[in-house]
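Asks: Take this structure, written in structure tokens, and hold onto it; I'll ask about it next.
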Ligand SMILES: [Zn+2]
């Protein structure tokens with residue numbers, strides 16, 4: 001286990017001992033040589049977040065961007081106005097369906113910069129999942145109470161959007177990034193798959209992203225236990241979504257009459273066959289890289305599990321030897337989340353449908369999975385693919401941006417390459433060969449991460465403010481400023 005100082009103790013100040021170390025370790029790269037020649041001009045400047053950032057965050061939480069339907073336009077206008085007030089030009093990029101995305105770019109200022117050092121894209125999504133019932137506070141109030149800031153999106157992902165905005169404005173305040181262009185990209189529709197957001201943008205405006213060196217987005221998996229920060233998890237790989245809607249039809253009628261082939265029966269039997277499908281545990285390179293990376297910071301028992309993984313996945317019941325949650329990294333998972341059919345107890349409905357959330361490991365053959373699902377469901381059930389995602393290489397650990405993250409963040413906690421079961425827009429960038437890294441600057445408690453896609457989402461004021469500082473530090477260092 002590694003004793004870790006909290007990030008609050010470590011604002012980077014140019015000229016202090018730590019930044020001297022940082023500089024000397026970055027020396028081998030051309031980018032940093034350019035940076036060093038410019039450091040004198042920005043010496044002793046603080047990277048504190050703008051004092052308005054907390055107010056922006058609260059105001060941002062008050063904009064209801066529940067997706068569906070999204071309504072990101074108001075959020076994009078809100079962010080745009082802040083950028084305009086600081087003299088930064090923006091573009092609103094609106095899909096034919098009316099979904100709004102926001103793009104702004106700062107060009108590098110160092111002589112000769114910009115041609116070789118690719119852009120750093122800061123990406124977050126403006127939409128949020130529906131809050132659902134049972135909140136203790138109004139989910140779009142942006143309430144600040146007892147050291148917490150409450151609201152849908154407080155963690156996923158409006159806090160990140162404001163951290164990126166604050167870092168972007170700080171670069172601008174200092175005269176712009178020195179070496180790399182930096183892009184602020186606020187997108188629509190991530191929570192429903194991103195087809196109206198990042199997916200559409202990369203298809204429709206490839207020229208805006210042609211020189212991208214790397215993307216920083218959501219999906220960071222930092223490990224904090226009882227207030228101790230064990231590692232910064234930089235998401236470099238994720239599972240692939242395969243979302244399905246399956247529907248079946250049958251004879252309707254009175255509930256008292258025998259009707260074994262009714263739509264609900266067919267659906268239930270088909271879904272049962274699907275759930276009983278044998279599980280295929282396997283260790284992909286992405287899972288191995290992640291589990292090996294966190295192994296030094298875990299118990300001996302965890303270490304033994306990682307060492308024995310290849311044996312364990314051959315077991316008849318691998319789950320018995322796996323830590324809770326680890327199976328997610330070793331399996332294609334099938335989760336039936338919506339079932340829709342009749343609503344009266346004595347009436348046989350004519351139709352029944354289900355929506356199935358399948359998450360594939362990076363090596364999975366989507367076509368083979370679809371064929372298997374079709375076969376298990378049987379001929380009477382129609383299948384529609386709602387969302388799928390092609391294979392993508394994990395983002396590399398030897399890129400300049402990943403190395404920069406290691407150097408800047410590694411001062412406070414180890415940096416590990418994370419593999420996550422969830423899905424983010426990073427996959428769209430990876431599919432076109434652009435490295436994307438999920439990085440959260442916020443060191444959050446379990447209570448805070450539990451609020452993601454759940455009730456009472458909130459972030460502590462102190463974690464938010466520290467995160468702003470960390471993000472600015474990263475963006476400033478990694479854009480060569
Ligand atoms: Zn998110």
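Asks: On the given criteria, is residue 444 surrounded by 18 or more Cβ atoms within 10 Å (Cβ to Cβ), closer than 14 Å to residue 233 by Cα, in contact with a strand residue (DSSP E or B) (Cβ under 8 Å, 6 or more places away or on another chain) and assigned by TED's automatic domain parsing to the domain that holds residue 171?
Replies: Taking the combined requirement at face value, the residue satisfies it.
Asks: Does residue 139 qualify as being within 16 Å of the ligand (Cβ to nearest atom), part of a loop (DSSP other than H, G, I, E, B) and in contact with a strand residue (DSSP E or B) (Cβ under 7 Å, 6 or more places away or on another chain)?
Replies: no
Okay, residues lined up against (1) within 23 Å of residue 275 (Cβ to Cβ); (2) touching a strand residue (DSSP E or B) at 6+ places or on another chain (Cβ under 6 Å); (3) modelled with pLDDT of 95 or more:
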residue: 316; (1), (2), (3): yes, no, no
residue: 328; (1), (2), (3): yes, no, yes
residue: 334; (1), (2), (3): yes, yes, yes
residue: 338; (1), (2), (3): yes, yes, yes
residue: 378; (1), (2), (3): yes, no, yes
residue: 389; (1), (2), (3): yes, yes, no
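Asks: Of all residues in region 223-257, which are closer than 30 Å to residue 365 by Cα, surrounded by fewer than 20 Cβ atoms within 10 Å (Cβ to Cβ) and more than 23 Å from the chain's Cα centre (by Cα)?
Replies: Hits for region 223-257 are 245, 247, 249.
Asks: In region 100-130, which residues are part of a loop (DSSP other than H, G, I, E, B) and away from the ligand (no atom under 16 Å from the Cβ)?
Replies: Once the filter is applied, which keeps residues that are part of a loop (DSSP other than H, G, I, E, B) and away from the ligand (no atom under 16 Å from the Cβ), region 100-130 yields 107, 108, 109, 110, 111, 112, 113, 114, 115, 116, 117, 118.
Residues checked against (1) crowded, with 21+ Cβ neighbours inside 10 Å; (2) within 17 Å of the chain's Cα centre (by Cα); (3) under 23 Å from residue 470 (Cβ atoms); (4) within 16 Å of the ligand (Cβ to nearest atom):
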residue	(1), (2), (3), (4)
381	yes, no, no, no
385	no, no, no, no
399	no, no, yes, no
403	no, no, yes, no
414	no, no, yes, no
417	yes, yes, yes, no
420	yes, yes, yes, yes
433	no, no, no, no
438	yes, yes, yes, yes
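Asks: Next question, about the same structure. Among the residues of region 470-480, is there at least one that is modelled with pLDDT of 95 or more, in contact with a strand residue (DSSP E or B) (Cβ under 7 Å, 6 or more places away or on another chain) and within 14 Å of the ligand (Cβ to nearest atom)?
Replies: Checked region 470-480: no residue is modelled with pLDDT of 95 or more, in contact with a strand residue (DSSP E or B) (Cβ under 7 Å, 6 or more places away or on another chain) and within 14 Å of the ligand (Cβ to nearest atom).
Asks: In region 92-108, what residues are closer than 24 Å to residue 476 by Cβ and surrounded by fewer than 17 Cβ atoms within 10 Å (Cβ to Cβ)?
Replies: 107
Asks: So how many residues does region 212-246 have that are out of contact with any helix residue (DSSP H, G or I) (no Cβ under 8 Å at 6 or more places or on another chain), farther than 23 Å from residue 292 by Cβ and either in contact (Cβ under 8 Å) with a residue 24 or more places away in the chain or within 16 Å of the ligand (Cβ to nearest atom) (or both)?
Replies: Of the residues in region 212-246, 4 are out of contact with any helix residue (DSSP H, G or I) (no Cβ under 8 Å at 6 or more places or on another chain), farther than 23 Å from residue 292 by Cβ and either in contact (Cβ under 8 Å) with a residue 24 or more places away in the chain or within 16 Å of the ligand (Cβ to nearest atom) (or both).
Asks: Before we move on, is residue 154 assigned to a helix (DSSP H, G or I), crowded, with 24+ Cβ neighbours inside 10 Å and modelled with pLDDT of 95 or more?
Replies: No.
Asks: Anything in region 184-211 that is surrounded by 21 or more Cβ atoms within 10 Å (Cβ to Cβ), away from the ligand (no atom under 16 Å from the Cβ) and outside any helix (DSSP H, G or I)? List them, or say none.
Replies: 184, the sole residue that qualifies.
The values are calculated or read from the model by the stated rules, or taken from the named source; none is laboratory data. What you see is a predicted model, and the numbers here were worked out from it, not measured in a lab. For neighbour counting, all protein chains shown are included, and Cβ atoms are generated from backbone atoms with ideal geometry for every residue, glycine included.
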